[in-house]
Amino acid sequence: MAKEKINPMLKMVLEMGPIVLFFIGYMKLKDSSFLIAGTEYQGFIVITAAFIPLMILSSAILWKLTGHLSKMQIMTLVLVIVMGGLSVWLNDPKFIKMKPTLLYVLFGGVLGFGLLRGQSYLKLVMEEVLPMKEEGWMILTKRLCGFFLGLAVLNELIWRTQDESTWVYFKTFGLTAAVFVFFISQSGLFQKYGEESEETPGAAE
């Protein structure tokens with residue numbers, strides 16, 4: 001299926017909507033417990049169970065509208081299904097809390113593997129939207145690799161040492177803000193290594 005463009009606002013709603021709904025649901029049900037089929041489930045587990053089909057639905061709609069899901073979106077969906085499913089099945093919240101760790105280790109590992117081969121895998125997926133010289137891509141890839149691995153370590157520290165509410169705030173707002181700040185902080189790199197348009201043939205020297 002050919003890739004189609006959709007309204008950026010609709011795209012953001014489809015990508016961020018499930019996360020926002022998870023946060024709202026958690027804030028309403030965090031102190032509640034539910035007896036289901038003879039087993040008691042805390043609000044966090046119930047919200048996680050609802051989050052999985054929401055992610056599947058939003059991803060399916062996004063794919064239907066655009067004909068495309070990025071590798072990052074696919075990996076995120078798979079980990080939500082697997083780790084969220086384990087949390088619900090085993091009635092243990094630690095698995096969904098480990099999801100960001102695994103995701104960022106995976107991203108960082110893939111980028112690191114490419115760097116060992118002297119390649120920027122980041123360039124392969126972002127070159128169309130961010131044209132840069134090869135040297136710029138290698139620098140950005142090294143920085144992003146370290147950034148992802150740092151986020152993985154930070155997520156482990158937060159969920160293992162802080163209470164559940166702190167982790168939910170961190171997951172909903174902290175990680176999103178961290179990614180935003182990272183790319184804003186790379187503006188100097190983008191300016192230095194950004195590809196300039198070629199001069200028209202025959203132009204005066």
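The values are calculated or read from the model by the stated rules, or taken from the named source; none is laboratory data. Since this is a predicted model, take the numbers as computed values, not measurements. Cβ atoms come from the backbone with ideal geometry, glycine included; neighbour counts cover every protein chain shown.
Below, the figures for the structure above:
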| item | result |
| --- | --- |
| Count of segment 124-155 residues which are buried (at least 19 other Cβ atoms within 10 Å of the Cβ) and among the charged types (D, E, K, R) | 0 |
| Only one of G17, G67 that is in contact (Cβ under 8 Å) with a residue 40 or more places away in the chain and touching an Asp or Glu at 6+ places or on another chain (Cβ under 6 Å) | G67 |
| Breaking point among (1) assigned to a helix (DSSP H, G or I); (2) within 17 Å of L144 (Cβ to Cβ), for T48 | (2) |
| Condition broken by R117, with the remaining ones in (1) modelled with pLDDT of 95 or more; (2) assigned by TED's automatic domain parsing to the domain that holds E127 satisfied | (1) |
| Some residue of segment 61-80 being closer than 24 Å to Q162 by Cα and aliphatic (A, V, I, L, M) | yes |
